[in-house]
Amino acid sequence: MPGQMSAIYSRFYRYSLENQVLLFMQGVREPVNTYQCWLDSGRQVKKGSKAQYILRPMFRKERDEDTGEETQRVVGFKPINCLFGASETDGDELPGYEPPEWSATTALGALGITRVAFEMTDGNTAHHNRGCRRGVIVVGASVLG
């Protein structure tokens, strides 16, 4: 998808790539939200507006016979017409959008990965393992910011 299209759809909620593509195929090129969420943000959906559809997961509750623990499992997806574009609403000005910032240090820390120096002289070695620790080898100065 061109440019920052995912940031447009994900302004209020993080939609899956599949749902972003579905919205794109329906001609949506603006922030979308449900009827109730537009009302909560001080905007009213215009009369006669048609909701766009996305796929929502359908869950089934299952109980483990051994432990008695109840879990949910996705059993399929269902198309739901539930999203309206910002141009189909009237009301308060949309709040400013601050895209989330990305940090290599934060991302690597969340994954439990540390940067390690590449010390092997064998040119055919793409990566190496230091025991049970996970690490990433920085090849160039600008690889991970």
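The set of residues in region 7-25 that are part of a helix (DSSP H, G or I) and either surrounded by 14 or more Cβ atoms within 10 Å (Cβ to Cβ) or at pLDDT 90 or above (or both) comprises ILE8, TYR9, GLU18, ASN19, GLN20, VAL21, LEU22, LEU23, PHE24, MET25.
For the criterion of being touching a Pro at 6+ places or on another chain (Cβ under 9 Å), in the same structural domain as ARG14 (by TED's automatic domain parsing) and either aliphatic (A, V, I, L, M) or not in a loop (DSSP other than H, G, I, E, B) (or both), VAL28 fails.
Taken over region 45-87, residues that are within 24 Å of SER16 (Cα to Cα), in a strand (DSSP E or B) and of a type outside the set (Val, Ile, Thr) amount to 20. Of all the residues in region 42-66, those that are surrounded by fewer than 16 Cβ atoms within 10 Å (Cβ to Cβ) and among the hydroxyl-bearing types (Ser, Thr, Tyr) number 1.
The values are calculated or read from the model by the stated rules, or taken from the named source; none is laboratory data. The shown structure was predicted, so the numbers you read here are calculated from the model rather than taken from an experiment. Using ideal geometry, Cβ is built from the backbone for each residue, glycine included, and neighbour counts are taken over all protein chains shown.
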